[in-house]
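Take a look at the structure set out below.
The values are calculated or read from the model by the stated rules, or taken from the named source; none is laboratory data. The shown structure was predicted, so the numbers you read here are calculated from the model rather than taken from an experiment. Cβ placement follows ideal geometry from the backbone for every residue including glycine, while neighbour counts extend to all protein chains displayed. Only protein heavy atoms, including side chains, enter the accessible area calculation; ligands, DNA and RNA are left aside. Shrake-Rupley method; radii C 1.70, N 1.55, O 1.52, S 1.80 Å.
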Amino acid sequence: MAGQPLSCRASPGGYGYGGDLGGLREREFPRLRGITYLDHAGATLFPDSLLKAFTEDLRNNVYGNPHSQNISSKLTYDTIEHVRYRILQHFGTTSEDYTVIFTSGCTAALKLVAEAFPWMPEGSKQPSSRFCYLTDSHTSVVGMRGITASMNVLSVPVKPKELLSEKNWLPAEEQNCTTPHLFSYPAQSNFSGTKYPLSWIQDIKSGKLCPIKMPGKWFVLLDAASYVSCSPLDLGVHQADFIPISFYKIFGFPTGLGALLVNNRIAPLLRKTYFGGGTAAAYLAGADFYFPKKSMAERFEDGTVSFLDIIALKHGFDVLEKLTGGMEKIKQHTFALAHYTYNVLSTLKYANGAPVVRIYSDTDFSNPDVQGPIINFNVLDENGEVIGFSQVEKMASLHNIHVRTGCFCNTGACQMHLGISDEDIQRNLQAGHVCGDDIDIIDGRPTGSVRISFGYMSSFEDAQTFLKFIVATRFSNSDTEIPFQSSVTKLTTEPVPDDGTYFKNADKLSPRTHISDRELGNNSSVTVKTVGWQPAESESESIRATISETAVPTCRGDGNPITVTNIFLYPIKSCSAFEVTEWPVGNQGLLYDRNWMVVNQNGVCLTQKQEPRLCLVNPSIDLKQKIMVIQAEGMDTISVSLEENTGKEAVICESKVCSHRVKTYDCGEKTAGWFSMFLGRPCRLIRQCPDKKNSMQHKNTKGPTCATSISLSLVNEAQYLLINVASILQLKEHISARLEEPLEMEELIRRFRANIVISAPESFEEEEWAEISIGALRFQTNFGVYLMNQPLCSSFPDTLSVGSQVLPVLKENTEIQRPTSSEEKCSG
C-alpha cells in the first residue's frame, strides 16, 4: 500500500446525521474553510443560524430587566422561565425534581455548591462532613477544597482505581447517621474522555458504594460540563444532587453562561449568607433582617441574570436539534470519528517497530458509552523519547490545525497518565514551569500532552487532515503505508453494564501506548522510515534554550572570515521584508524595524498565521522623504509619515505582542481602509508610541550590561534575528527529500524572516557564540540567533552594512542546565 493517497471510501460507522455534512459545514461554518479545529472539549463552535435566529429575535422584541413589572420585563421573565423548562427537558427531567440556577459558568456553579452545602465542621458534637472528589477532576472541582477548608471540613481525594477496584459497602447502622458528605466526580474526564459509570450516583447515595468509610449521608455532585457537550444525560434515571454545566461547551454561544441543576430534595438543606439584588422577599437596611424569596432559583441568582444570553439558549437548543437530530446522534457521530482516529493513530509504527504516539486512555475506544470523543497523546521519536507538546502544537498551527496542549486544568489525570509525582510537580514549579506555559520537557520528561477532541460539526476530513499531519511531520512520504482506505473496526453498539465492570481490569487505568490487532484492512501496523520532526530546529532550540550563559567567553580561533551577506527589516510586523545594503541602528534594533503592525477590529495583532496575505504587503522606507511606502498587487500605493504622531489627535491604545504589553497609536482611516480592502476584513494599522517603549528585563547577561532594561519594538523575542547561510543549507539538504518541489536558498532564507544573514564556514556554529561584533557594533547572543545591542564603545556611526566582518566571542562550555525561564516563545 506504499504510496497510496490518504483517502477513505467508507466513512466510520455512526458517522454523519443521515444527510450532507459537507453542506451543513458550508452553510453553518464557512469560517472553518482551510481550518481543522480539534479543540471542541475546550470550546465548541456556534453555527451561523444560531446567531441569525438570536439577532433576529433581538431585533423583533424588546427585552427589559426581568426584575421590573413592565411589559418588556414580563416578556423577559417569561422567556427565561421557558428556557429553564427547555433545559430540564433536554436533560430528561422536570421542575418537580430539579431547579435550574443560572451562573456565569460551571466554575461558578461549583463554587456555589461549596459555599451552600450544609457542611458539618470538625469539632461539632456529631461526626464531621467530608468532601471527596475523584483525582481525575477539573481544577475547579479540586478548588472547592479551599472553601471547605475555611469551614473546617476535611477534603479527601479518591483515585479512580480505588473506587473501581472494590465496592465499599456502608453498614446499615452507619447509614442512619445524618452527617452530610459530598462526593464529586466527572461524568467524562476532560483529559482522556473516559466516561465514568453513571450508576455510581445511585450506588453512592444508597450506601452501596462509598468513596471512603465514613458514617453519614452521601450526596453526589456530577461534573457534567465535558460529558453533555456530546452525550445525552437523563436525570430522570441518573438523579445526581448537583449537576454544573457550561452552555458554550454544547452550543459554542453564548459564553460566560452556565447553570447549576439542583435536585429539589436537597434544596431545603442549602445555606446562603450573601444576598444580592432580586433574591430578597424583604430586608431592612438598618437592621439585621432578611427574608429570601420562595423560589430556589431566585434565592441563589444574585443580581440580574444575563438575560439576553439566556434567551440565546432557546435558539441554541432549536438549532442543535434541527441540524443533528439530537444528542444521541451527536454522541454516535463524534465517537465514530474518535474511534477511527484512535485506531489509525495507535497502529502507526517506525521501521524499528516503535510506536509513533503514546495514547493516554483507560479504554480501547470500542464503545461510546465508556469513551467520549477525546484523544490524549504524546508524539514519540523512534527511540521512544517524547517530543514536547509545544513543538507539536506549533507545527500543527503551521498546518492550521487547532489542538490543545498541557494538562488541561486536570493535574490529577495528568499525573496519573504521565507518571508525574507530587514531588515532580513541585520541582517543575521551581524550575519555572507553571500551568499554561510552553515548557514541555524538564529533565527529559514531559510536563503535559496533546489533546484532540471532536464536535458535532467535525468531519471525516478533519480526522484525515490531522492524521496526514502526523504522518507528514514524522515520516518520509515515499515509505509510508497507511491503512486509510479500508473499513474501520466495527463499533460496539450493544450497551455495556453501567456498574463499572468495563473498567475492572487495572491495566486499563494505566497509560496506553497503542492497541494492537486492529482490523484496519489487511495491515495491523504501519512501516515507515523516520526522517525526524519538521522543521529540524526544535531539538536544537531546546538545547539552545538551556545552554549556560555563565561561561567565560573566548575568541573564535578559526581564521576563516565571517561576513554579513544580507540585511532585512520588516517595518510592518508580519508583512514582507525590505532588503537594504546598509541601515542605521537605533536603540530598539534596525531603525523602523517592526514599528507598525496590523490589528483586527478588536485591536488584536494579525500575523501571517491568521492572515497569510500579509506576506503580499510590501512596505519600504524612504529616509530622505521620511515616509513609509506601502504597496500590494492590485492596490494603489499609499504612504505613511515617519514622523511620530504625538499630538492630541492621536488615538492611543494598548496592544499586546506575544506576552508584552505595548502602547500604540492609530495611523488613521486612510491606511485602515487600504488594509481592510486588501485583506477583505476590518482592520487597522497602528504604530508603537515613541514614549512608551516595549521594555523587558534582559536575562542571562554578563558584565556591565547585566540586568539592564532592553528596549524592543513590536518584536516577539529580541531586537535582531540572525541566521547562518551554512545552517540553512544543511537544513535544506535535510528536508529536500520530502519536498515535491525543491526550495531555492533565497526563498528558504526569507522564510526565517531574519534581520541579519551571515556566511560562516560551519553550520550551527553560531550556537556556541556568546557575543559578536560587526564593525563598531557589539551584540550579545541568546540561543545563537537572537541578538541584543551592547553599549557602543566608539564614536563610529551606528550603521550596519552588508560585507562587514563578523567577529564572534565563544562560550567556554555548553553545559546543559534546567530551564530558568517560562517566557513564551512566539513566532512573528
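Numbers below:
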read-out	value
Failed condition for Leu308, given (1) closer than 23 Å to Pro186 by Cβ; (2) aliphatic (A, V, I, L, M); (3) assigned by the TED database to the domain that holds His138	(1)
Filter result for Ala259 (crowded, with 21+ Cβ neighbours inside 10 Å, out of contact with any Asp or Glu (no Cβ under 8 Å at 6 or more places or on another chain) and not in a strand (DSSP E or B))	no
Residue among Ser346, Ser361, Ser366 that is within 25 Å of Gly42 (Cβ to Cβ) and part of a loop (DSSP other than H, G, I, E, B)	Ser361
Subset of segment 121-133 [buried (at least 22 other Cβ atoms within 10 Å of the Cβ) and in a loop (DSSP other than H, G, I, E, B)]	Ser129
Failed criterion for Ala351 (all others in (1) buried (at least 21 other Cβ atoms within 10 Å of the Cβ); (2) over 20 Å from Gly406 (Cβ atoms) hold)	(1)
Within segment 292-314, considering residues that are surrounded by 21 or more Cβ atoms within 10 Å (Cβ to Cβ) and under 29 Å from the mean Cα position of the chain (by Cα), the one farthest from Ile266 (Cα to Cα)	Ala312
Residue pairs meeting the criteria (Cβ under 9 Å; at least 6 apart or on separate chains; first in contact (Cβ under 8 Å) with a residue 40 or more places away in the chain and farther than 20 Å from Pro118 by Cα, in segment 270-297; second open to solvent by 40 Å² or more (accessible area, probe 1.4 Å) and not basic (Lys, Arg))	Gly277/His67; Gly277/Asp302; Gly277/Thr304; Gly278/His67; Gly278/Glu298; Gly278/Asp302; Gly278/Thr304
Qualifying residue in segment 10-19 (condition: at positive phi and open to solvent by 60 Å² or more (accessible area, probe 1.4 Å))	yes
Residues satisfying the stated conditions in segment 589-607, i.e. open to solvent by less than 60 Å² (accessible area, probe 1.4 Å) and of a type in the set (S, T, N, Q)	Asn595, Asn600, Thr607
Residue selected from segment 92-120 under the condition part of a loop (DSSP other than H, G, I, E, B) and hydrophobic (A, V, I, L, M, F, W, C), by the criterion nearest to Leu222 (Cα to Cα)	Phe117
Members of segment 359-369 found to be open to solvent by 10 Å² or more (accessible area, probe 1.4 Å) and either closer than 16 Å to Tyr227 by Cα or within 20 Å of the chain's Cα centre (by Cα) (or both), listed by number	Asp369
Contacts under 6 angstrom Cβ, first residue in segment 48-63 being without any contact (Cβ under 8 Å) to a residue 24 or more places away in the chain, partner among the hydroxyl-bearing types (Ser, Thr, Tyr), 6 or more apart	Val62/Ser72
Members of segment 267-291 found to be part of a loop (DSSP other than H, G, I, E, B) and either among the acidic types (Asp, Glu) or surrounded by fewer than 16 Cβ atoms within 10 Å (Cβ to Cβ) (or both), listed by number	Arg271, Lys272, Thr273, Tyr274, Gly276, Gly277, Ala285, Gly286, Ala287, Asp288
Any hit, segment 670-688, residues being surrounded by fewer than 17 Cβ atoms within 10 Å (Cβ to Cβ), of a type in the set (A, V, I, L, M), at pLDDT 90 or above and more than 30 Å from the chain's Cα centre (by Cα)	yes
Subset tally (residues that are within 13 Å of Phe377 (Cα to Cα) and either touching a Phe, Trp or Tyr at 6+ places or on another chain (Cβ under 7 Å) or not in a loop (DSSP other than H, G, I, E, B) (or both)) for segment 406-426	6
Within segment 196-234, considering residues that are farther than 22 Å from Lys159 by Cβ and touching a helix residue (DSSP H, G or I) at 6+ places or on another chain (Cβ under 8 Å), the one most open to solvent (accessible area, probe 1.4 Å)	Lys217
Selection count, segment 601-618, where residues are touching a residue at least 40 places away in the same chain (Cβ under 8 Å) and within 14 Å of Ile572 (Cα to Cα)	10
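So that you can scan it fast, the table gives a plain yes or no per residue for (1) in a loop (DSSP other than H, G, I, E, B); (2) within 22 Å of Cys575 (Cβ to Cβ); (3) at pLDDT 90 or above:
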residue	(1), (2), (3)
Leu729	no, no, yes
Lys732	no, no, no
Ile735	no, no, no
Glu740	yes, no, no
Glu746	no, yes, no
Ile758	no, no, yes
Glu767	no, no, no
Phe779	no, no, no
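Let's see how each residue does on (1) of a type in the set (A, V, I, L, M); (2) in the same structural domain as Leu418 (by the TED database); (3) not in a strand (DSSP E or B):
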site	(1), (2), (3)
Tyr185	no, no, no
Ile201	yes, no, yes
Ile212	yes, no, yes
Val237	yes, no, yes
Ile243	yes, no, no
